[in-house]
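The values are calculated or read from the model by the stated rules, or taken from the named source; none is laboratory data. Since we're looking at a predicted model, the values are computed, not measured. Neighbour counts run over all protein chains shown; Cβ positions are idealised from the backbone, glycine included. These accessible areas exclude ligands, DNA and RNA; they are computed on the full protein's heavy atoms, side chains included. Shrake-Rupley method; radii C 1.70, N 1.55, O 1.52, S 1.80 Å.
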Amino acid sequence: MRERTPILVLAGDTAVVDKENIQSISQRDIVMPTGAGFEQLRTPETLGEDVAVAIHRAHTERRPVVLNIPVDFQWLDVEYEEPQGVWWVRPSAATPGPDDLDVAAGIVASAKRPIVLAGRGGGQAREALVRLANRIGAPLATTLRGRDLFRGEPHDLHIFGTLSHEIASEVIADSDCVIAFGAGLNKWTTADHTLLKGKAVVQIDSDLEAIGRFEGVTAGVHGDSGAVATALADLLDEAEVPSSGYASEALAKRLAEFRVEDTFIDQSTDETVDMRTAILKIDAAFPQDRSLVFDGGRFVMHSYHLFHVKHPNDYVHTVNFGSIGLGLGNAIGAAQAADRPTLLVAGDGGFMLGNVGEFNSAVRHGADLVVVILNDGAYGAEHVQFRAKGMDPTPSMFDWPEFADVAESLGGRGYTVRNLKELDEVLAELPNRDRPVLIDVKLDPDKVTIPH
């Protein structure tokens, strides 16, 4: 399964076209310019079947599908009829070919230092992937969007790629084989392809087109992650292939003793908070059964690897286009879709660009939402460039309104945090929230670090 989530988008045009024309633009092979699929509500009476077809396509094609409902149809009353046929059936798992499995098993069997890597597409196969990793003695890692799938496992390296911590980076560099399940192997996961250089790569994906899309692989297996992992483990058992031992007790001990807070010196003052310390405190204080959403900005690199979720599906990724300002809309959707708290982490620039007006939408809909603004008073990406070139950063800095006051005026609850004592006091109040909350955490723009 690829690192994409099916989406059904409802749209409405401004006029009803005649039945003949409706059917002529309802062909299954129509592709919108964005790459989305297209479905048309043919008549009001076919509502049930047309919606079912659109949902079925979203699941099977693993891409957004637009269902166009003419505005005139939306005013009509019709009797609901249960759709007939196979439209509600989820697609069956792709079955891997035996020859591909044999090749993959041979590569895995010969590996001395293997790593099992899971992307978002491997998120439903945790048990099978852990079994395979234990069978071959491999540490476990995930892509950003597969984050925390293996959290709690003794050999979990956390994120594989440009966001890896120091122990993970060392283990990845020394490995000789990566077995990737539902992971696209893009340039961030592979650090512009350097992390896979000189290694055997086995890529497993239920989408045939995903195999080798970004990275040349030693072997590809088209199939469901869980089914392939189970089949590989069974083949290795039959062949009595010994464990590699790469996932050693010594590595488990190092990972258990690793503490992020020991990797930096807190730079908080009476007027500003160290972003890294703030993230660790917020992550620990907020309910762990949550939806997690990030906006875009300079803060996001630390947020990516310091915040956690219970399952990859609890994380909403909003920065596919590298844009700021898209976080709150996604967070409101996440809060409405799941009966649990939602945490949105944003920068001040992104919040002002596209989020401030939507905070009232969260209030009106009663969303269980907490917005944390990591506020350096600037467009951080520009600020760091000005400083790096020895230039005056003033053009990148802004005298924003007090966000806590803005939140209160929009019907929510607002807090301003200027030091760690104030942060602890605010976090202690979160369990008593009765409306959307905004926490404005003041940062020093010259002390915002970016992990390397």
Exercise for the section: Scan the stretch 186-196 and give yes if some residue there is open to solvent by 30 Å² or more (accessible area, probe 1.4 Å), hydrophobic (A, V, I, L, M, F, W, C) and touching a residue at least 60 places away in the same chain (Cβ under 8 Å), otherwise no. Expected result: no
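Residues are listed down the side, and each one gets a yes or a no for (1) surrounded by 18 or more Cβ atoms within 10 Å (Cβ to Cβ); (2) in a loop (DSSP other than H, G, I, E, B); (3) in contact with a Phe, Trp or Tyr (Cβ under 9 Å, 6 or more places away or on another chain):
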| site | (1), (2), (3) |
| --- | --- |
| ARG254 | no, no, no |
| GLU261 | no, no, no |
| ASP266 | no, yes, no |
| THR269 | no, yes, no |
| VAL273 | yes, yes, no |
| ARG276 | yes, no, yes |
| ILE279 | yes, no, yes |
| PRO287 | no, yes, no |
| LEU292 | yes, no, yes |
Practice task
Just one of (1) at pLDDT 85 or above; (2) open to solvent by less than 80 Å² (accessible area, probe 1.4 Å); (3) not charged (D, E, K, R) trips up VAL17, so point out which.
Solution key: (1)
Exercise for the section: Filter the stretch 399-443 down to residues that are in contact with a Gly (Cβ under 9 Å, 6 or more places away or on another chain) and in contact (Cβ under 8 Å) with a residue 60 or more places away in the chain and give me whichever is surrounded by the most Cβ atoms within 10 Å (Cβ to Cβ). Expected result: PRO436
Fill in the blank from the handout: How many residues of the stretch 141-176 are of a type in the set (D, E, K, R) and surrounded by fewer than 19 Cβ atoms within 10 Å (Cβ to Cβ)? The answer is 6
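For the stretch 337-352, enumerate the residues that are under 13 Å from PHE403 (Cα atoms) and surrounded by fewer than 22 Cβ atoms within 10 Å (Cβ to Cβ). I'd like the intermediate steps shown before the answer.
To start, the set of residues in the stretch 337-352 that are under 13 Å from PHE403 (Cα atoms) comprises 346-352.
Listed by number, the list holds a single entry, MET352.
Which strands (runs of 3 or more DSSP E) sit wholly inside the stretch 158-225 and have at least 3 residues that are under 20 Å from GLY97 (Cα atoms), of a type in the set (Phe, Trp, Tyr) and more than 23 Å from the chain's Cα centre (by Cα)? Reasoning before the result, please.
Details: elements: 177-181, 200-205, 219-222.
No strands (runs of 3 or more DSSP E) qualify here.
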Exercise for the section: Please find, among VAL356, VAL345, the residue that is under 27 Å from the mean Cα position of the chain (by Cα) and farther than 20 Å from TYR315 by Cα. Expected result: VAL356
Practice task
Output yes when any residue across the stretch 133-140 is modelled with pLDDT of 95 or more, open to solvent by 40 Å² or more (accessible area, probe 1.4 Å), closer than 22 Å to ALA200 by Cβ and part of a helix (DSSP H, G or I), and no when none is.
Solution key: yes
